[in-house]
Amino acid sequence: MSVSGIIDTPAAVNSTPNTKTTSTDSVQADQDKFMTLLVTQLKNQDPLNPMDNAAMTSQLAQLSTVTGINKVNATLETLRGDIASTQSATAIGLIGKGVLVEGKGLTLSTTTDADGKTSSSSMFGIELPSDSQAVSIEIKNATGKTVRTMSMTNAAAGTYPITWDGLMDDKSTTAPAGNYTVAVSASNAGSKVTATPLQLAAVASVSTGAGGVKLNTSLGHFSMSDIKEVL
């Protein structure tokens, strides 16, 4: 793949309740209830018309089926809790890091070093769902005017973090610090490829709840599945 104008750059959490004991107790409780009913039925049956063996076998089979289903449900509930705990631990490790999520915004920042020299930079990204022979990236200012155009050729499917050095298309003028937007288009063998612009978000904290694990970032709340790449 050849690239023109692109530089690639590599809170408190609520504990997840342990449902294993509760689920196991529920299965045992169902078994106890069933056996109590069956024993009561046997004790109170008519001696002259006892329960048919086939009927008893059928009830025992039902017990086995219900018990099996309850055990499967208990196992799935345990797995769900384990997955939630793993996601929480993974999410906590992202606090303080930058992540790329779907979005077209970017902010150009200007910094000054100890020698008084200023420099500008902004990080964003793109996602290609399939291989693309030609990719065009446009950075636009608040009025919608394109200030910088970048291109990629023969790019494989995947996510690409991109750094903009702030230079405009003339390569000698630096764009003013502020907010910009990214537009990306791609094609392969003459067919359009639906490319997605990505914006940088800083993870500040993590929260859990009914909606699952959420990353609280400078751009809002995102789930783990929204994260395209961790920087």
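Values in this text are rule-based calculations from the coordinates and carry no lab data. Please read all numbers here as calculations on a predicted model, not as lab measurements. We place every Cβ from the backbone using ideal geometry, glycine too, and count neighbours over all the protein chains shown.
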Whole-number percent relative contact order across the range 99-200, with pairs defined as alpha carbons under 8 Å at least 6 apart: 42
Label-to-label distance, nm, for residues given as Thr112 and Thr159 (7 Å Cα→Cβ offset): 3.6
Cβ charges +1 (Lys, Arg) and -1 (Asp, Glu), total dipole of the range 131-206, debye: 140
Inter-label distance, nm, simple model (7 Å from Cα along the C-beta direction), Val66/Ser120: 7.2
Length added when fully stretched, Ser205-Asp169, from 0.36 nm per residue minus Cα-Cα: 9.2 nm
Phi to ³J(HN,Hα) by Karplus 6.51 cos²θ - 1.76 cosθ + 1.60 over the range 193-201, Hz, x for Gly, Pro: 10, 7, 8, 10, x, 10, 10, 8, 10
Sequence-distant residues sharing a close amide H with Ser223 (under 5 Å, placed H): Leu215
Ordering of 150-161, 169-180, 125-136 by packing [mean C-beta count within 10 Å, highest first]: 125-136, 150-161, 169-180
Candidate lysines for bridging to Lys140, where Cα separation is under 28 Å - those fewer than 8 sequence places away on the same chain excluded: Lys97, Lys104, Lys117, Lys171, Lys192, Lys228
Charge-dipole axis of the range 99-200 as Lys and Arg at +1 and Asp and Glu at -1 on Cβ define it, positive-most pick from Gly116, Gln199, Asn141: Asn141
